[in-house]
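Shown next, in structure tokens, is the structure this report addresses.
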Amino acid sequence: MNDHRSATGGQEWTAPGPGQWAVDRSHMPPGCSPIMQHIVGAAMPAGMRRMFADLGAPLDTMQPAFVHGQMYTRLRPLVSPDKPARKLPPAFVLKVATRLHPEMRRRNRIAGRVLRSAPWNEVIARWHRSEKQEIVDQNLALQHVDLAGLDDAALVAHVRACLSHAIQKMEHHFWLHGYDLGPLGQYLFEASQWGADPRELLALLEGASPSTSAPRRAARSILDAVERSGAQPGTLAELRAISPEISAAVDDYLAHRSAVLFSRYDVDGITLGERPDLVMASIMTATDGGTSERIDARIAAVRAQIPAEHRQRFDQILSQARAAMDLRDDNGPTTAEWPVGLLRLALVQLGRRAVERGVWSDPALAFELLPEEITVAVFAGRPDDATMRDRAERRRRERDLDPPRLLGTVEPAPPPEVLPRNLRQLVGMVQAVLTHMGMDGQTGANGLHGAGIGTTVMRGRARVATSPEEALDRLEPGDVLVVAGTTPAYNLVLSLAGGVITAEGGPMSHAAVIARELGIPAIIGARAALTDIPDGALVELDPVAGEVRVLASSDEAEQGVVPSAV
């Protein structure tokens, strides 16, 4: 049992509600802004409640809460969610109850239809056919508003419109995750039962997400044109000046990326357009990337291991899983990072205007606003500068806290065998996803060992970073990025890296997915990475062995002292 209270970093940590809560580092950064807390608090439970109901999952929703600026989540059970049991009844009682409870019976019927009809196929097709473009058009409409030309009331209305848009699209973001993770879980769950190695199964998803590599391909196309011209631009302005065609290509590159957050899921993150130096770097260091290995041959090798009577089904679920991979990485930038980036830019304009009026000392104080405070009263100093600076300082302190991983009391989950057949398979699919994303705490990794991505051993300088901003400021092309974990906010960083090492995650985590797509070696879930790898050290990544070797310290590497790998 976990106590409701524990002391960490001088703070008292209290569970935000009944049941057990786990700290969630995959979505929100520590010290999350009030506005982002509001967005997630509204969007996540609504989107996931709708998704669980649509797919027949025996769960109510995923409930977020914030404790000292840290995000915690709890899977709310379908039955008595606010009165969680501390001890399960006997298995035979649970077995009867799950078959008699009206909502469990209804969910079991829905789950059966879902497993037979695979509704994710239509959702994915609709996304590519029209839905993504509709959201892109909505994003562009907000992006094209001339913020400086708005009067005070219109600017406030625009900020509120961006806030509403961000909530709506992020709710859709969480709903969509059922339709990208669903087929991935089904693929891993079923194919593993036929004796296939999950690591080999995941490797067959390589190259299935053109959305991941699309920015790199677009940047590489611009760089090819620059190289053909013979020019050597040093700034974005010089790059544009080479030719009208290159200038137009840069405009197109930025149209769908300039307002997208690249550093964190919060309004105090940075959008790409605010860092022209990084726009330039992302273009001028773009590589062809990818892997030259033939995925068809690797699929054939794994397929040969599948019993003959299951091969047709294997082909079907692999095809669905590969289609889902693209939706998974297309979803975040379109429905979350772009809408929140638009909200950030609107808040920046509001903050600048408050500074011009002499009521605030820093435009960044706009990120401390509560949603209900977004009114024209801001320009009259309500809330005042001192209040906003106090909030900013509190959030700064919250970023440095080391939160407990768990809060509250243990909620024992019913064993899968007591569930009806359809729900049992659905739960197995969910568990397969959680396991391979490294979210179940049972990755089996330790020290400098983890899940290896790729087949080529590489050496490079380790660049240890605690945030995407820090990584971008210090990373040079070809360096090995060493971080706790990554989110899509790191996509630009990873496009510059020669390799990646994470302390958290599993072979289906974000870092693993993008490493496969970009063709860079990675070691995922090496728990001692942040403590045992010195910044600037020369390291060797061996993805086949799933091992990181520290070959030389920073000083030794600079002096050219490179011991042989053991």
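Values in this text are rule-based calculations from the coordinates and carry no lab data. Everything numeric in this text was worked out from a predicted model, so none of it was measured. Using ideal geometry, Cβ is built from the backbone for each residue, glycine included, and neighbour counts are taken over all protein chains shown.
Give me the tail of P(r) for region 88-134 as a percent: Cα-Cα pairs with distance above 11 Å.
73
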Given N residues in region 202-249, what is Rg(Cα) / (2.2 N^0.38 Å)? 1.50
Taking 532, 251 and counting other C-beta atoms within 10 Å, the order from fewest to most: 251, 532
Can you give me the span-like helices of the chain, meaning DSSP H runs with 30 Å or more of Cα extent along the axis and Kyte-Doolittle mean at or above -0.5? 34-55, 152-193
Taking alpha-carbon centroids only, region 363-380 lies from region 43-115 a number of Å equal to 37
Placing unit charges on C-beta atoms (Lys and Arg positive, Asp and Glu negative, everything else neutral), compute the dipole magnitude of region 208-290 about its Cα centre in debye, rounded to 20. 180
Length-normalised contact order of the chain, Cα under 8 Å, at least 6 apart, in percent, tallies to 20
Once label points are set 7 Å from the Cα along Cα→Cβ at both residue 305 and residue 101, what is their separation, rounded to one decimal in nm? 3.8
For the chain, fraction of C-alpha pairs farther apart than 39 Å, in %: 30
Extension gain, residue 284 back to residue 394 (0.36 nm per residue minus Cα-Cα distance, nm): 35.7 nm
Projected-area mean, region 161-308, by convex hull of Cα positions, square nanometres: 12.2
For region 451-559 (alpha-carbon point model, no solvent) the Debye-based log₁₀ I(q)/I(0) at q = 0.11, 0.16 Å⁻¹ works out to -0.26, -0.57
Check cross-link reach from residue 95 to the aspartates and glutamates: straight Cα distance under 20 Å, and skip same-chain residues fewer than eight apart. 60, 103, 411, 417
For region 470-523 and region 227-271, what is the separation of their Cα centres, given in Å? 22
Positive-pole candidate from 515, 336, 91, dipole of the chain, charges at beta carbon: 91
Which order do 173, 310 fall in if you start with the one that has the fewest other Cβ atoms within 10 Å? 310, 173
Among 33, 53, 491, which residue has its Cα furthest toward the positive end of the charge dipole of the chain, with +1 on Lys/Arg Cβ and -1 on Asp/Glu Cβ? 53
Going by amide H atoms built from the backbone, whose H comes under 5 Å of the H on residue 67, apart from near neighbours? 72
With the contact rule set at Cα under 8 Å and sequence spacing of 6 or more, what percent relative contact order holds for region 451-559? 34
Within a 10 angstrom radius of the beta carbon, how do 164, 213 rank from fewest other beta carbons to most? 164, 213
Efficiency of FRET between residue 141 and residue 476 - r from beta-carbon atoms, R0 35 angstrom, step 0.05: 0.40
Dipole magnitude (debye, nearest 20) for the chain, charges at Cβ of Lys, Arg, Asp, Glu: 2420
Treating only Lys and Arg (+1) and Asp and Glu (-1) as charged, each at its beta carbon, one finds that region 451-559 has a dipole about its Cα centre, in Debye to the nearest 20, of 340
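Going by the alpha-carbon gyration tensor, a ≥ b ≥ c the square roots of its eigenvalues, is region 208-290 rounded (a/c under 1.5) or, if a/c is not under 1.5, prolate (a/b greater than b/c) versus oblate? List each step's numbers first, then the result.
Details: a/c = 2.11, a/b = 1.37, b/c = 1.54.
Judged from the Cα gyration tensor, region 208-290 comes out oblate (a/c at least 1.5, b/c at or above a/b).
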Got a sec? Charge dipole of the chain, +1 on Cβ for Lys and Arg, -1 for Asp and Glu; which of 142, 551, 186 is way out at the positive end? 186
